[in-house]
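Participant: Below you will find the structure I want to go over with you.
The values are calculated or read from the model by the stated rules, or taken from the named source; none is laboratory data. Here the structure is a predicted model, which is why all the values come from computation and not from measurement. Here the Cβ positions follow ideal geometry from the backbone for every residue, glycine too, while neighbour counts run over all protein chains shown.
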Amino acid sequence: MKKTPVSAHKFESSRTHARKAVDDLVGAGTAKVNEIKLAAVDQTEEFIDAARRTTDTWVEEATTYARQNPVRALATAFGVGFLVGVISRR
């Protein structure tokens, strides 16, 4: 079956429209992926900052406790170290 100039033109026009639609969808998908990626990065940074603040608080509290109760802190450290040693030998 031979294509007529009109059908060839319609085919090319449909093909061009389909390519444009695909390009538009790819562009929209890429934009959405970038948006989600940026949101994930922001949330991760917030989580890391919160974890850092929490651990800084714990370190300050432990340091204060150890300075106020040095014998108790040494005994606790010795006990924890001993338990870790016993458990790691098994």
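Participant: Condition first: modelled with pLDDT of 85 or more and among the hydrophobic types (A, V, I, L, M, F, W, C). Now tell me which residues in segment 4-37 satisfy that.
Facilitator: Within segment 4-37, Ala18, Ala21, Val22, Leu25, Val26, Ala28, Ala31, Val33, Ile36 meet the criteria.
Participant: Test of understanding: among Arg72, Arg52, Arg15, which residue is in contact with a Phe, Trp or Tyr (Cβ under 9 Å, 6 or more places away or on another chain), part of a helix (DSSP H, G or I) and either without any contact (Cβ under 8 Å) to a residue 60 or more places away in the chain or not small (Gly, Ala, Ser) (or both)?
Facilitator: Criteria check complete, one pass: Arg72.
Participant: Let me ask another. Based on what the data block shows, is Thr30 β-branched (Val, Ile, Thr), more than 30 Å from Phe78 (Cβ to Cβ) and surrounded by 10 or more Cβ atoms within 10 Å (Cβ to Cβ)?
Facilitator: yes
Participant: Which one is nearest to the chain's Cα centre (by Cα), of the residues in segment 34-89 that are surrounded by fewer than 10 Cβ atoms within 10 Å (Cβ to Cβ) and among the polar types (S, T, N, Q)?
Facilitator: Ser88
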